[in-house]
Amino acid sequence: MDFVVAAYALIWVIFFAYVFVLARRLSALEGEVSRLKGKQ
Amino acid sequence: MERLRSLAASATPALAALGAVAVAAAVWLVFSFAPVEKVMGAPQKIFYFHVPLAMLSYVGFFITFVGSAAYLWKGAREMDHLAVAGAEVGLLCATLTLITGMLWGRPIWGAYWTWDPRLTTTFILWLIYAAYLILRSQVEDETLRAKYAAVMGVVGFADVPLVHFSVKLWSRGIHPVIERGPGDPGMHPDMFTAFKVSLAAMAILFTVVFLLRARVEFLRAEVERLKSARRP
């Protein structure tokens, strides 16, 4: 059962880590776009 | 394309909520509803997420294949954005497939890894798409980067059917195969229900992550466009 718990835990840890990285990239890019549009 | 992008952006939160509910239902079905498999025991529970992740990695790489072919044919930059999003999310799924496969293999085979044809071709597939993303990060010129990556996205997809049919092409493998027949899912009906719900849940989450990743790529291109418009 330890392997099952480890598999399910790793799936969600890696998945949410990726979503977190994506969210950070998105928010940085959205900020950059509005900054550049504001300067135009 | 602009209308599709705004539709995708507005649908993402609802899809994410639906995905969370579907995952909760899938986990409940896997641990409380589906019976324990007689031969493998508890480790077989990994199957319910391992197989959908493998299938979704194929979907991601197929998106890369289609996006790359469309880019080479039409030269539309949007297709390149979809291709890279498909590759990255497909690679995430392939990584999770390999990890869950190793954790399933250890208690059943007694080893985390064997050079079985299915495992070997899956590892090669992982390397191909990791190389695809490394290639993209190394080429500075945007047009060249898209062109090189598109060629790799088309050629690299040739490994997907090899992975899928490896258990039939090389009969000496030890990777388990589900023997399905007409009207026979090849497993207990309650296991099949849990599998279908897990597959649907993971497909919804795959869609959410793919849409987010594609949005990153479209925004990155917009930043580049705005920066070049400001240059004298």
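Computed from the coordinates by the stated procedures, all read-outs in this text should not be read as laboratory data. As the structure is a prediction and not an experimental result, all values here were calculated from the model. Every residue, glycine among them, receives a Cβ derived from its backbone with ideal geometry; neighbour counts consider all protein chains shown.
Tabulated results
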| item | result |
| --- | --- |
| Rg(Cα) / (2.2 N^0.38 Å) computed for the protein assembly as shown, rounded to two decimals | 1.10 |
| Distance between modelled label sites at B:Leu169 and B:Ser32, nm, 7 Å Cα→Cβ extension | 4.3 |
| Alpha carbon convex hull of region B:19-78, volume per residue in cubic angstrom | 96 |
| Rg/Rg_ref, chain A, where Rg_ref = 2.2 N^0.38 Å and atoms are Cα | 1.95 |
| Using a Förster distance of 41 Å, the FRET efficiency for B:Val21-B:Ala111 (Cβ separation, nearest 0.05) | 0.65 |
| Kirkwood-type radius of chain B, with distances r between different C-alpha atoms, in Å | 19.3 |
| Angle in degrees between helix B:77-109 and the longest Cα principal axis of chain B, rounded to the nearest 10 | 20 |
| HN-Hα J in Hz across region B:124-129 - Karplus 6.51, -1.76, 1.60, θ = phi - 60°, x for Gly and Pro | 4, 4, 4, 5, 4, 7 |
| Cα-based helix-to-principal-axis angle, B:142-156 vs chain B, degrees rounded to 10 | 30 |
| On Cα atoms only, tilt of B:47-74 relative to the major axis of chain B in degrees | 30 |
| At R0 = 25 Å, FRET efficiency that the Cβ-Cβ distance of B:Met40 and B:Ile124 yields, to 0.05 | 0.40 |
| Pairwise FRET efficiency - B:Thr143 versus A:Glu30, Cβ, R0 = 30 Å, nearest 0.05 | 0.75 |
| Test item: B:31-43 mean partner chain Cβ contacts at 10 Å | 1 |
| Two-decimal ratio, region B:1-133, of alpha-carbon radius of gyration to 2.2 N^0.38 Å | 1.28 |
| Cα-projected label distance for B:Val155 with B:Arg5, points at 7 Å along beta-carbon direction, nm | 3.1 |
| Averaged over A:15-22, number of beta-carbon atoms from partner chains that fall within 10 Å | 4 |
